[in-house]
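Below is one structure; the comments refer to it alone.
The values are calculated or read from the model by the stated rules, or taken from the named source; none is laboratory data. Since the structure is predicted, the reported quantities are computational estimates derived from the model, not experimental observations. Cβ: placed from backbone, ideal geometry, glycine included. Neighbour counts: every protein chain shown. Ligands, DNA and RNA are excluded from the accessible area calculation, which covers all protein heavy atoms including side chains. Shrake-Rupley method; radii C 1.70, N 1.55, O 1.52, S 1.80 Å.
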Amino acid sequence: MAKRNTFSEDEQVQQRPDLAQFGKVLKYVYPYRSSIALSIVFMLVASATSMVSPLLLKRIINDVVKQDDYRDLVLMIAGMALLALLEIFVTLFQQRIMGTVGHEAIAKIRQEVFYKLQKLPFEYFDSRPDGKIVVRVTDYVNDLANFFTNQLIQLFIYIVKLVMAIIFMLVISPPLTLVVLLAVGPMMACIMKLRKTVRGIFPTHRAKVANRTAFLIEVIMGEKIIKNFNRSEESKKTYMGVHMESVNTWMKIVRLNELNTPIVMLFWNLGMLALYGISLLLIKNGNSAVTAGTVVVFTSYMSLFSGPLTQIASIIQQLAQTSSNLERVFDTLEQPLEIEDEENANVLDHIKGRVDFDHVYFEYEENAPVLKDFDLHVEPGQTIALVGPTGAGKSTVINLLTRFYDVKQGAVRIDGIDVRNVTLESLRREVGVLMQDPFIFKGTIIENIRYGKPSATDEECIRAAELIHADEHIRNLSDGYNHILQERGQGLSAGQKQLISFARIILKNPSVVILDEATSSIDTETEGLIQQALAYILKNKTAFVVAHRLSTVRNADRILYISNYGIAESGTHEELMKLNGLYAALNKAGLQEEN
Ligand code: ADP
């Protein structure tokens with residue numbers, strides 16, 4: 001398994017642009033190839049028009065102003081205005097086309113990353129903090145969107161303009177072209193050096209920002225605990241620490257970027273001076289190819305030059321950043337799905353509910369076994385209570401049955417079929433899980449109940465609530481079943497949340513039920529309701545309960561005391577009490593007595 005990463009640890013950073021990452025994007029832009037071709041044509045037209053205007057200006061200065069007739073002058077100026085208009089509109093269309101293509105391609109990537117996240121095994125989520133997953137779907141993909149919809153197009157436009165300007169200049173005057181290139185060459189070298197330094201810092205900066213997001217998400221999730229333990233001050237300090245690390249790297253980048261303009265201005269001014277000086281020399285020496293008009297044209301071309309050159313350098317710098325973002329995004333997209341349907345997987349349907357763990361070995365991390373040679377055979381309809389010390393592996397038994405993780409050795413079977421050979425969809429339909437702290441989504445109570453079966457009618461949802469006697473409770477709330485619940489069920493008691501999850505499971509009606517019993521104490525009235533509801537839900541179903549309550553344990557057909565990588569004791573309450581071993585001790589020490 002990948003190393004567990006935290007907010008205090010940088011993700012691995014990649015320094016050199018990896019062009020192969022860009023190749024992977026081709027798959028997403030390929031469907032838009034005709035739009036892209038049209039856009040390239042527009043781009044060429046726009047670049048060509050911007051080259052022609054200086055030529056018209058040259059004619060005006062060299063010839064037209066000397067004529068008495070104003071007709072040519074008006075025509076030339078009108079021509080320049082038309083060219084400018086043409087360039088504006090063609091550029092507008094071109095950017096619109098590429099903007100749309102870029103956004104659509106990125107939307108597809110964003111969608112695929114999201115879909116993939118829903119399929120990824122728990123191991124993926126275990127190996128990095130939530131915040132670092134969030135930045136992949138948000139920040140990194142946003143950066144890609146910006147790069148592909150703005151910067152990449154700009155890069156092409158600038159390169160085309162640059163090449164055209166050089167060609168036009170060469171045609172007019174090779175010696176003056178050489179002067180321009182001699183000024184621009186060192187300027188480019190300096191800028192590229194600067195960008196390279198920035199490029200070296202950028203991935204570290206990204207890693208620092210990811211750390212900050214990771215910490216932020218951790219704080220949001222742990223808000224209650226932080227307040228309860230009065231740790232807000234420490235959190236502030238830690239946040240400032242991770243924040244300052246990202247600020248420091250950012251400030252280094254800002255300082256370096258500030259050098260950009262002075263470098264451009266220095267070489268630009270030197271170039272201009274050299275251009276004027278050498279033109280003057282050439283004119284004085286009677287070089288007929290160089291005129292006042294030529295100098296104006298070259299000045300125009302040089303200004304077409306300097307802007308794009310800086311931009312090109314900046315975009316090249318972005319290439320490295322984008323390729324590292326792409327790498328993270330594709331890393332998510334290309335993660336192998338360790339837990340996915342086998343070809344020809346069986347569909348579990350109307351199962352009896354026999355469950356077998358055949359000599360199972362499991363570990364989350366290498367060489368840290370949690371279960372060793374775990375062997376358990378459960379008949380349909382039996383209720384199994386799992387008890388034992390924290391960290392013994394009770395939840396792990398359940399994680400394997402639901403196939404949240406796969407066994408490393410041995411097999412888990414339902415009705416004799418290995419869970420690895422059944423479709424995940426049917427496995428999760430037939431095996432229902434009741435979590436200790438059931439997740440409540442923002443929405444009404446009835447919508448939250450319907451989560452158990454999206455096609456359920458209102459009547460079915462209400463009937464499910466009635467079956468567990470939660471109906472009266474719900475009707476007493478303002479708006480009854482339409483009472484709006486907040487995210488994570490704020491405002492509901494633990495017992496109320498449990499009742500909603502019970503109603504969900506009644507709708508879902510799985511053949512095997514897994515219950516992680518709440519450890520928190522629940523008020524007497526709700527507790528009574530919950531015990532009644534449980535008895536109803538577990539009737540005629542195979543059930544596994546990570547039990548904390550004496551009554552649940554007592555009512556179980558079999559109790560398993562899990563410790564030391566497996567089943568330490570197994571039997572009914574009476575049998576195990578008689579054995580006077582680990583279970584009896586636990587029982588005396590106080591499984592939660594009923595309220
Ligand atoms: P229980 O439910 O009995 O309290 P668990 O099954 O949750 O115990 O955990 C068994 C062992 O596996 C513990 O040592 C725990 O630290 C470890 N463990 C549980 N979940 C993970 C995980 N996602 N990654 C690594 N180790 C884990």
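Cβ-Cβ contacts under 8 Å between residues 6 or more apart (or on different chains), taken from a first residue in segment 532-560 that is in the same structural domain as Thr402 (by TED's automatic domain parsing) and farther than 24 Å from Lys578 by Cα to a second residue that is part of a helix (DSSP H, G or I) and within 16 Å of the ligand (Cβ to nearest atom), are listed as Leu534/Thr552. Taking the conditions exactly as written (closer than 26 Å to Arg403 by Cβ, within 16 Å of the ligand (Cβ to nearest atom) and either touching a helix residue (DSSP H, G or I) at 6+ places or on another chain (Cβ under 7 Å) or assigned to a loop (DSSP other than H, G, I, E, B) (or both)), does Ile559 satisfy them or not? Criteria met by Ile559. Of all the listed residues (Asp471, Asp458, Asp437, Asp523), the sole one being over 32 Å from the mean Cα position of the chain (by Cα), surrounded by fewer than 17 Cβ atoms within 10 Å (Cβ to Cβ) and at pLDDT below 90 is Asp523.
When you check Leu337 against the structure, is it in a loop (DSSP other than H, G, I, E, B), away from the ligand (no atom under 16 Å from the Cβ) and aliphatic (A, V, I, L, M), yes or no? Yes; evaluated as a whole, the condition is true for this residue. The listed residues are Gly277, Gly353, and the only one of them that is within 30 Å of Ile514 (Cα to Cα) and open to solvent by less than 50 Å² (accessible area, probe 1.4 Å) turns out to be Gly353.
Restricting attention to segment 350-397, the residues being within 8 Å of the ligand (Cβ to nearest atom) and either outside the structural domain of Gly410 (by TED's automatic domain parsing) or not in a loop (DSSP other than H, G, I, E, B) (or both) number 6. For segment 23-136, the helices (runs of 4 or more DSSP H) that sit wholly inside it and include 3 or more residues that are closer than 30 Å to Asp341 by Cα are 71-119, 122-126, 130-135.
When Glu327 is tested against the conditions (1) open to solvent by less than 60 Å² (accessible area, probe 1.4 Å); (2) in a helix (DSSP H, G or I), the lone failure is (1). Take Val407 and tell me if it is within 16 Å of the ligand (Cβ to nearest atom) and either in contact with a strand residue (DSSP E or B) (Cβ under 9 Å, 6 or more places away or on another chain) or of a type in the set (Ser, Thr, Tyr) (or both). When the stated conditions are applied, Val407 passes them. The residues of segment 398-424 that are touching a residue at least 60 places away in the same chain (Cβ under 8 Å) and in a strand (DSSP E or B), listed by number, are Ile414, Ile417, Val422. Of Gly286, Gly293, Gly241, Gly271, all but one fail to be without any contact (Cβ under 8 Å) to a residue 12 or more places away in the chain and open to solvent by less than 40 Å² (accessible area, probe 1.4 Å); the exception is Gly241. When residues in segment 385-434 are screened for being open to solvent by less than 20 Å² (accessible area, probe 1.4 Å), in contact with a Lys or Arg (Cβ under 9 Å, 6 or more places away or on another chain) and of a type in the set (D, E, K, R), 1 of them pass. If you filter segment 535-551 down to residues that are modelled with pLDDT of 80 or more and out of contact with any strand residue (DSSP E or B) (no Cβ under 7 Å at 6 or more places or on another chain), you find that the one that is least open to solvent (accessible area, probe 1.4 Å) is Ala535.
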